[in-house]
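Engineer: Right, I'll just put the structure down here and ask away after.
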């Protein structure tokens, strides 16, 4: 099942199943009990969406503004240096532990919405990633049980302002500019995507392939990430883990390649779909 979140033309936040190029809205029936997808996930009620969609209003994509599938997560946890190919291009060795930073929800927009290159910098880089959405909450989760805590998966673009990222040893500044990252176009439920490691990912800038990888190239796989993170913090329903980016980022190219006004960036993951965003300059 592919579940999208969006804002309708009258300003109502809603969600529904994406199928055959249309959105089968379930918000009218479910919002009183579950106001958003995060609430549905927390109640372990994703199966109710499929039932409600049978009688829900059918919307065209042009009738809504897509948001991140989980627009209000408690946490967005990002993993740096987590593809072996990316570790190699930086000239480093695989770290002993995952490299972790966080993003604010205000920095992440939905599919087909404009990513904003800030006035402060022209070093606006792309990072195609697989996003994991937590379903079942947990602390000190074992690797053996970790995948049982996954609600679903999505495409993620960890848009990065590279010069600000390098101001200090902490990545925060370069990763949290408003509307600089994106996620979508939907969350594919874990029962539909049973083997994420078997998928492939491709990032395209203006139609040109700039990143291409198998998800199996992750330095720390999804179960290892969940287990490690859950030692530190309780993972909650709707929490997002952006699992890292492969080689090919603009920073390590010669000449450097950054996104600019008028560009189009796409992240495609097999079994999920295509996350597409245009680039605009901050006004």
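Engineer: Output the residues belonging to the stretch 216-244 that are in contact with a helix residue (DSSP H, G or I) (Cβ under 6 Å, 6 or more places away or on another chain) and either surrounded by fewer than 17 Cβ atoms within 10 Å (Cβ to Cβ) or part of a loop (DSSP other than H, G, I, E, B) (or both).
Structural biologist: 216, 219, 237, 238
Engineer: Go through (1) under 14 Å from residue 41 (Cβ atoms); (2) free of Cβ contacts under 8 Å to residues at least 12 places away in the same chain one by one and return the number of the condition residue 145 breaks.
Structural biologist: Residue 145 satisfies every listed condition except (1).
Engineer: Among strands (runs of 3 or more DSSP E) lying entirely in the stretch 75-121, which contain 2 or more residues that are surrounded by fewer than 18 Cβ atoms within 10 Å (Cβ to Cβ)?
Structural biologist: 99-103
Engineer: Please find, within the stretch 20-51, the residue that is farthest from the chain's Cα centre (by Cα) out of those that are modelled with pLDDT under 95 and under 18 Å from residue 66 (Cα atoms).
Structural biologist: Top of the filtered list is 28.
Engineer: Another question, if that's okay. Would you say residue 242 is in the same structural domain as residue 105 (by TED's automatic domain parsing) and under 23 Å from residue 96 (Cβ atoms)?
Structural biologist: Judged against the criteria, residue 242 is a match.
Engineer: Look through the stretch 12-53, keep the residues that are in a loop (DSSP other than H, G, I, E, B) and touching a helix residue (DSSP H, G or I) at 6+ places or on another chain (Cβ under 6 Å), and return whichever of them is surrounded by the most Cβ atoms within 10 Å (Cβ to Cβ).
Structural biologist: Filtering the stretch 12-53 for residues that are in a loop (DSSP other than H, G, I, E, B) and touching a helix residue (DSSP H, G or I) at 6+ places or on another chain (Cβ under 6 Å), the one surrounded by the most Cβ atoms within 10 Å (Cβ to Cβ) comes out as 26.
Engineer: Right, here's the next one. Any residue at all in the stretch 150-160 that is surrounded by fewer than 16 Cβ atoms within 10 Å (Cβ to Cβ) and in contact (Cβ under 8 Å) with a residue 24 or more places away in the chain?
Structural biologist: No, every residue in the stretch 150-160 fails to be surrounded by fewer than 16 Cβ atoms within 10 Å (Cβ to Cβ) and in contact (Cβ under 8 Å) with a residue 24 or more places away in the chain.
Engineer: Let me ask you something else. Going by the conditions given, is residue 132 touching a residue at least 60 places away in the same chain (Cβ under 8 Å), closer than 20 Å to residue 227 by Cα, surrounded by fewer than 23 Cβ atoms within 10 Å (Cβ to Cβ) and in contact with a strand residue (DSSP E or B) (Cβ under 7 Å, 6 or more places away or on another chain)?
Structural biologist: Numbers: touching a residue at least 60 places away in the same chain (Cβ under 8 Å): yes; closer than 20 Å to residue 227 by Cα: yes; surrounded by fewer than 23 Cβ atoms within 10 Å (Cβ to Cβ): no; in contact with a strand residue (DSSP E or B) (Cβ under 7 Å, 6 or more places away or on another chain): yes.
So residue 132 does not fit the description; no.
Engineer: Could you tell me whether residue 118 is in contact (Cβ under 8 Å) with a residue 12 or more places away in the chain, farther than 18 Å from residue 261 by Cα and assigned by TED's automatic domain parsing to the domain that holds residue 177?
Structural biologist: Against the criterion (in contact (Cβ under 8 Å) with a residue 12 or more places away in the chain, farther than 18 Å from residue 261 by Cα and assigned by TED's automatic domain parsing to the domain that holds residue 177), residue 118 does not qualify.
The values are calculated or read from the model by the stated rules, or taken from the named source; none is laboratory data. Keep in mind the model is a prediction, meaning the values are calculated, not measured. Reconstructed Cβ throughout: ideal geometry from the backbone, glycine too, with neighbour counts over all protein chains shown.
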